[in-house]
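Okay, structure first, notes after.
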Amino acid sequence: MITEKSPHNNAALLILYFTMFLVVAGVGIISPIFPYFAKDMGANAFELGIMIALFSLAQVIAAPFWGRLSDKVGHKPVLVAGLVGYAISYYVLLISPNLPILMLSRVIGGLLSASAFPSTQAYVVDLTSIENRGNGMANMAAASNLGFLLGPGLGSLLAVLGIRAAFTIGGSLILITGGICTFFLPAPGNRTSVIVDPLRPDPRAVKSALVGRDSALLWVTMLTSFGSITMYSILGYYMIDQFNAPTSAAAIVYTLLGGVSVLLQTFIVSRAIERVGEDLLVISSLFLGVAGFVGLVFAPTLIILYVFVVVTGISMALSGPAILVALSRRTRLGQGLTMGLQGSFTNFGRVIGPLWAGWTYGFSLATPYWSSAVAFALAAAFQFSAYRTQRALSPTKED
């Protein structure tokens, strides 16, 4: 067991940050090469879309279960089991003889990788004080975004060795990470407050988290996830159709988004949370995102579009960790279950966002970005509602 002042605390947090980085990078490694692999297996575009959606849908279903289980048996065993299972899903990809097995491998990957997010985030909550939680969540988000930034590039480099070699190396890296967590990650002290058995949580508390006064933050999570992925999923097409952009433009965009996120979440976010509070930071950054999405619609040149891409990147980099901090401070459930619900709402946005973007893009190139702007505006309204509720409950001191 370790405590807030344990000398092993920083080492444990570094392992958790590395784990989050590798899980996200693992998704990114196969992202640029999976379509080619699927096409070689005979998948058409619709079947490829189904496989992408299945991965996120499996995460939606599994994340709350993993979160509840981590509250019950501990975050470490759940995290390790998920990493090992996630690595196995890579190896299933290698031996897939047909499309049904290939789809099954994506379902397995989604179900098992879903354990990493709630257990790792709840682990960080347990290892940090309330005062340091903003910094911990910001570092976690930075590690995630660094994986998002470097994963696709690493996958492209590994593809030189062959697509199957990339899957093998990606799975092996995740398996090694599971071993590192097993032998070097200590069990945290039980600092979370769980009012009932977390495998059988109070139905009234869960209902409040989903539709009651505590639900606003989860819906903020879903709306920001929807708005973000709606922009990401169709931006390449938009640049081609609007500006006849070369393929290198997509690489520039992802580099800008990932770079801005890593810098802000490493050096700025925790200080901003300390200075203005997580609620006001979320609200202001979401309105910044609204301005960025509208700017994408009216950008007259590709260079100006890059500027507004950076604006949206700043918005997402600031709001994401702050939302997690607000959730961790206000939950009446276990931290694992809370982060599991947060993961489900996030992935639900990731399921419907690409489908919505692809469908509405056929009506108007700008419709997905107007949709993202509306989603962020609604999220800001929900966050303001949560902020006012919290102030009413604690008029002299925020939780």
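Summed over segment 235-288, residues that are at positive phi and small (G, A, S) total 1.
Only residues that are in a helix (DSSP H, G or I) and touching a residue at least 40 places away in the same chain (Cβ under 8 Å) were counted across segment 86-107, and they come to 13.
Look at (1) in a loop (DSSP other than H, G, I, E, B); (2) hydrophobic (A, V, I, L, M, F, W, C); (3) at pLDDT 80 or above and you find that V196 fails only one, number (3). Taken together, L281, L296 contain a single residue that is surrounded by 19 or more Cβ atoms within 10 Å (Cβ to Cβ) and within 23 Å of L127 (Cβ to Cβ), which is L281.
Here is a check on your reading of the model: is S119 out of contact with any Leu (no Cβ under 6 Å at 6 or more places or on another chain) and at pLDDT below 85? So S119 fails the test.
Of the residues making up segment 271-325, just one is outside any helix (DSSP H, G or I) and among the aliphatic types (A, V, I, L, M), namely A299. Checking G147, G178 one by one, the residue that is touching a Gly at 6+ places or on another chain (Cβ under 7 Å), surrounded by 14 or more Cβ atoms within 10 Å (Cβ to Cβ) and modelled with pLDDT of 75 or more is G147 and no other. Each residue in segment 106-121 was checked for being closer than 23 Å to T338 by Cβ and surrounded by fewer than 24 Cβ atoms within 10 Å (Cβ to Cβ), and 2 pass. Return a yes/no flag: does segment 258-278 have any residue that is surrounded by fewer than 20 Cβ atoms within 10 Å (Cβ to Cβ) and within 21 Å of A373 (Cβ to Cβ). No: zero hits. Within segment 364-399, the set of residues being modelled with pLDDT of 85 or more and assigned to a loop (DSSP other than H, G, I, E, B) comprises S364, L365, A366. Here is a check on your reading of the model: is R388 of a type in the set (K, R), touching a residue at least 60 places away in the same chain (Cβ under 8 Å) and over 17 Å from G236 (Cα atoms)? So R388 fails the test.
Filtering segment 261-285 to residues that are more than 27 Å from A216 (Cβ to Cβ) and at pLDDT 80 or above leaves L263, F267.
For the residues V124, V78, V60, the requirement of being assigned to a helix (DSSP H, G or I), within 16 Å of the chain's Cα centre (by Cα) and crowded, with 24+ Cβ neighbours inside 10 Å singles out V124. The single condition among (1) more than 23 Å from I15 (Cα to Cα); (2) surrounded by fewer than 24 Cβ atoms within 10 Å (Cβ to Cβ); (3) in contact (Cβ under 8 Å) with a residue 60 or more places away in the chain that A166 does not satisfy is (2). With respect to F55, is the statement that it is more than 30 Å from N10 (Cβ to Cβ) and surrounded by 19 or more Cβ atoms within 10 Å (Cβ to Cβ) true? Answer is yes for this residue. What's the number of the condition L48 fails, among (1) closer than 17 Å to S105 by Cβ; (2) among the aliphatic types (A, V, I, L, M); (3) part of a helix (DSSP H, G or I); (4) modelled with pLDDT of 75 or more? Every listed condition holds for L48 apart from (4).
Of the residues examined, I29 is not one that is at pLDDT below 75 and assigned by TED's automatic domain parsing to the domain that holds G162.
The values are calculated or read from the model by the stated rules, or taken from the named source; none is laboratory data. Remember, it's a predicted structure, so these values are computed and weren't measured experimentally. We place every Cβ from the backbone using ideal geometry, glycine too, and count neighbours over all the protein chains shown.
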